Structures are given as structure tokens and as C-alpha cells.
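The values are calculated or read from the model by the stated rules, or taken from the named source; none is laboratory data. The structure displayed is predicted, hence computed values, not measured ones. Cβ placement follows ideal geometry from the backbone for every residue including glycine, while neighbour counts extend to all protein chains displayed. For accessibility, only protein heavy atoms count, side chains too; no ligands or nucleic acids. Shrake-Rupley method; radii C 1.70, N 1.55, O 1.52, S 1.80 Å.
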Amino acid sequence: IRGNPDRLPTPGQLAGMAAAPGRLHEYGAALVVVQPVSGTPLFLVRAIDAEEGLGPVNVQWRWRLVSLLALAALVSALILLAWRHGASRRARQAANAARETAEREAQLRTFLSTIADRQPTLIAVVDREGLLRFSNARLRELLKGSGDMQGAPLARLLGAAEPAVAALLAEAREKESAEALVDLSAAGGEVRRFKVETVAISGDETLLVAHDISELLAERARREANMAAL
């Protein structure tokens, strides 16, 4: 008999257990098995603490649980690594796409700026706050400005002509387009007559195109003078 003999079943309980010989019976914290002895009216009683008897089974189950937990942790780590790899790959693809888009936009801006700089007209883009967002080389030459003109207030650049141009910009925002004759002063002080056209474009920006018609007006004045002389 293993365990504490004082905690063994009573004779009456043992008799009940003897009715099912060879079967494990639970008795408190112990496991009891009663087996008959062949050829005798005696029974062999074996008792062992449940913790000791089930110890190997419990250890086996613990190892199985630890293995399952380790496997679950491994699978979770693999899933996390795969997700991070996919997210990193998508981030790299998005960054590459954004960089390619930015490069294409820069090339397009350079292309359009090159075309605008070769035009004989003054070309500018002004936002709703009256700040210059784009100017071609002809306008910068007239105002003796540079790339620093970007973001500058239109009033500071045009001086006395600013109210007339501001009125054209406001009319274009309401009617989509407007035009008028405006006198613009060059940096050297020379005043020239321009036909200014404004067109509302996407967002809150307005395109301004000014054609120098000073020579045309002077030629017309000479023709009129010649006709008057005739």
C-alpha cells in the first residue's frame, strides 16, 4: 500500500470496490484498485495518491500544452513576419510610385515652363490670395524679377496696375474669363499697353495672359495721322 494508510477506504467501501475488480476507484486524493487473489477468498488492495499516479500523464499533457503554445507562437510569429514583409513591400512600392509620379510631374512642369518661357506674351498664375504662383521668363524680364517672385503679392509686382488686374482676376473667378486693356510699368519706368486676359482654372487659381499691343497701337496712331494728313 502506497500513500497514507489512514486515508484508505473503509471495509464497506472496499467491499463495494471489490464488486468491480481491477477498476480504478477514486477515493479522496487517492486511486484505489481491488483485485481478487486466485484460489483464495482474499483481495489485493492497491492505493496510490492521485497526484503521484497521474503525475506522468499530467507531465505529458503539460508538455503537449507547451508544445501547442510554442507552435501557436511560432505560427503567429511567421504570420507577423509575413505581414511585415508584405507591408514593407507595399510601402516600398507606394514610395516608388510616389517618386515616379513626382519625377513625371517635375518633368512636366519643366516642359511647360520651357514652353511658357519661349512665348512673347506675359504668363502668370495667381491664387485667390493674390499671390503669384507661376511666371514665365517674359514677365520676369518685364518686372526685372527672378524665381524669387513666386509667392510674392501681385500688388507689389504690378504697382499702380494692380487694382485693374485684381478686378480682372475677380471677374474671371465669377465669369470664368475676363479681358481688358491695362497699362503696365516695366522696371525701367517705361509704360506699355497690354491686352490682359484672365481665365479661371482648377482650384482657386487664375491664369493671366498679357499681350503687348503698344506697337500695334502706335502703328494705328501713325496710320490715322497719315490719313489725316492726306
Counting only protein heavy atoms with a 1.4 Å probe and every protein chain in place, the carbon and sulfur fraction of the accessible surface of the chain in whole percent equals 58 percent
Pseudo-spin-label distance Asp183 to Leu69, built 7 Å along Cα→Cβ, given in nm, is 9.2 nm
Restricting to Cα pairs under 8 Å and 6 or more apart, the percent relative contact order of the chain works out to 11 percent
Rounded to one decimal in nm, the spacing of the 7 Å Cα→Cβ label points at Gln13 and Glu174 is 10.4 nm
Quick calc, the chain, dipole around Cα centre from Cβ unit charges on Lys, Arg (+) and Asp, Glu (-), nearest 20 debye, gives 1060 debye
On the formula 1/(1 + (r/R0)^6), with r taken between the Cβ atoms of Lys144 and Val199 and R0 of 25 Å, the FRET efficiency rounded to 0.05 is 0.45
Per residue convex hull volume, Cα only, the stretch 70-113, in Å³ is 24 Å³
Ordering Lys195, Lys144 by the accessible surface of their heavy atoms, 1.4 Å probe, largest first, yields Lys144, Lys195
Of the candidates Val34, Val199, Gly159, the farthest towards the positive dipole end of the chain (Lys/Arg Cβ +1, Asp/Glu Cβ -1, centred on the Cα centre) is Val34
Here Rg/Rh (Cα, Kirkwood) for the stretch 122-217 equals 0.93
Cα-Cα pairs in the stretch 14-142 separated by more than 27 Å, as a whole percent of all pairs, come to 67 percent
Subtracting the Cα-Cα distance of Gln35 and Glu103 from 0.36 nm times their residue separation yields 15.5 nm
log10 I(q)/I(0) for the stretch 85-177, Debye formula on C-alpha points only (no solvent), q = 0.11, 0.19 Å⁻¹, two decimals, reads -0.47, -0.94
Taking the dipole of the chain about the Cα centre (Lys, Arg +1; Asp, Glu -1; charges at Cβ), the one of Ala218, Gly189, Gly12 that reaches farthest to the positive side is Gly12
The extension gain from Ile213 to Leu80, computed as 0.36 nm times the residue separation minus the Cα-Cα distance, is 40.9 nm
Hits for the chain under the membrane-span-like helix rule (DSSP H, Cα axial span at least 24 Å, Kyte-Doolittle mean at least 0.0) are 55-117
So Val45 and Ala20, fully extended at 0.36 nm per residue minus their Cα-Cα distance, gain in nm 7.8 nm
The stretch 32-104 and the stretch 189-230 have their Cα centres apart by a whole-number Å value of 86 Å
Probe 1.4 Å, heavy atoms of protein chains only: per residue, the accessible area of the stretch 74-217 in Å² is 64 Å²
Projected convex hull area of the chain, Cα atoms, direction-averaged, in nm², equals 29.1 nm²
